[in-house]
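Written out below as structure tokens is the structure these notes cover.
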Amino acid sequence: MTLAMIDRQVYTADGGDGGAYTWVKPEGAIWVDVLAVGGGAGGGGGAIQIASWWRSGGAGGGGGMTLKMFYEAQTLADEIELFVGGGGAGGAGVSTGTANDGVNGVTSFFGALEATGGRPGLKGNTSSSSAVSSVSETFAPGNSEENHAMSLRGAQAHSSDTALVGPLSTHAPWATGQGAGGGSLSSTNVRRNEHPGLINQALVVPDSVPDNIPEQTYGVAQVPGSGDGATPTPYALTKTLAEVAYAVLPSYSGAGGNAHPTGNGGAGGDGQGFGAGGGGGGASTTGSGSGAGGTGSDGIIVVTTYGLAT
């Protein structure tokens, strides 16, 4: 018995929190492949305080979970409700007081299968006595090799000389990109730890690129801007999705915004592609404003059906 793809449906978030749909099982279905990606989380806003305090940038937003499952078609209902989660907003920057956390990415689901949205990047912190950091919330349930599930925490921001980033994974081809931490400031008002965005572009779609995936362009990872308070350098857009090798769905996380010792902190970069976390905002000094966190990118669900080859 020779199988061939007989149908493919691609579902994207419909703005805001996401989009709801109904999948209808095609005639002749034998196996069904489902790729589900949750929305990426927003990065945290950077901290602000007087120049003699330690101030951390906001943490990067976590990537949405990626799940890939195969089902015998006879075990599935004829119609299944599904939802594609949107990306979470970044935490706002502030000119006084406490910074703001990013917002969760929204969970995507296909029936009972759930790809959880990324966990938010937390706001930057301050201290008068020691270096401080900001992290993203811990993701649960974490990695599941059996279900091809993967998510990553966003990268930390830290105001010491030690660069601390979120955990990377040996299963990166299944992971969405986690946002980078925003730039921080030491107690001597020196910029610390400005991180580029990360690329985890191999969210695999079998056989070929679906015709109805929105045409977007993707390129190299975001990098921090140059100078005090800079925002990340825009992506170098080099390829359309149809040109990307091996029919992958890219997930490029936002870079962190740069800190500024005397002016406004830079905003974190937005996640791009699918399920990527936004970057953290850069720290600043009282009298200016800290950088906002970047927004996470939306999730996606791709349902591919196989039947007898004709």
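The values are calculated or read from the model by the stated rules, or taken from the named source; none is laboratory data. For clarity, every value in this text was computed on a predicted model and none was experimentally measured. Quick reminder, even Gly has a Cβ in these numbers, built from the backbone with ideal geometry, and neighbours come from all protein chains shown. The area values use the complete protein model at the heavy-atom level, side chains included, leaving out ligands, DNA and RNA. Shrake-Rupley method; radii C 1.70, N 1.55, O 1.52, S 1.80 Å.
Looking at the stretch 58-69, can you tell me whether even one residue there is touching a helix residue (DSSP H, G or I) at 6+ places or on another chain (Cβ under 6 Å) and at pLDDT below 90?
So far as the stretch 58-69 goes, yes, one or more of its residues are touching a helix residue (DSSP H, G or I) at 6+ places or on another chain (Cβ under 6 Å) and at pLDDT below 90.
Scan the stretch 243-264 for residues that are open to solvent by 10 Å² or more (accessible area, probe 1.4 Å) and either under 14 Å from G281 (Cα atoms) or at pLDDT 90 or above (or both) and jot them down.
H260, P261, T262, G263, N264, listed by residue number.
Give all pairs with beta carbons closer than 6 Å in which a residue from the stretch 9-36 that is within 11 Å of A73 (Cβ to Cβ) and free of Cβ contacts under 8 Å to residues at least 24 places away in the same chain meets a residue that is open to solvent by 40 Å² or more (accessible area, probe 1.4 Å) and polar (S, T, N, Q); count only pairs at least 6 apart in sequence or on separate chains.
Close Cβ pairs satisfying both conditions: none exist.
What is the one condition in (1) of a type in the set (S, T, N, Q); (2) at pLDDT 85 or above; (3) over 18 Å from R192 (Cβ atoms) that T233 does not satisfy?
(2)
Does F110 qualify as being open to solvent by 40 Å² or more (accessible area, probe 1.4 Å), under 25 Å from K25 (Cα atoms), over 17 Å from the mean Cα position of the chain (by Cα) and among the hydrophobic types (A, V, I, L, M, F, W, C)?
Spelling it out, it is not the case that F110 is open to solvent by 40 Å² or more (accessible area, probe 1.4 Å), under 25 Å from K25 (Cα atoms), over 17 Å from the mean Cα position of the chain (by Cα) and among the hydrophobic types (A, V, I, L, M, F, W, C).
Could you say which residue among G105, G97, G166 is surrounded by fewer than 18 Cβ atoms within 10 Å (Cβ to Cβ) and either at pLDDT 80 or above or in contact with a strand residue (DSSP E or B) (Cβ under 7 Å, 6 or more places away or on another chain) (or both)?
Sole residue among the options that is surrounded by fewer than 18 Cβ atoms within 10 Å (Cβ to Cβ) and either at pLDDT 80 or above or in contact with a strand residue (DSSP E or B) (Cβ under 7 Å, 6 or more places away or on another chain) (or both): G97.
Would you check if there is a residue in the stretch 285-308 being over 20 Å from the mean Cα position of the chain (by Cα), closer than 30 Å to A51 by Cα, at pLDDT 65 or above and among the aliphatic types (A, V, I, L, M)?
no
Take the residues of the stretch 24-63 that are closer than 25 Å to Y306 by Cα and in contact with an Asp or Glu (Cβ under 7 Å, 6 or more places away or on another chain): which is surrounded by the fewest Cβ atoms within 10 Å (Cβ to Cβ)?
Among those that are closer than 25 Å to Y306 by Cα and in contact with an Asp or Glu (Cβ under 7 Å, 6 or more places away or on another chain), it is V24.
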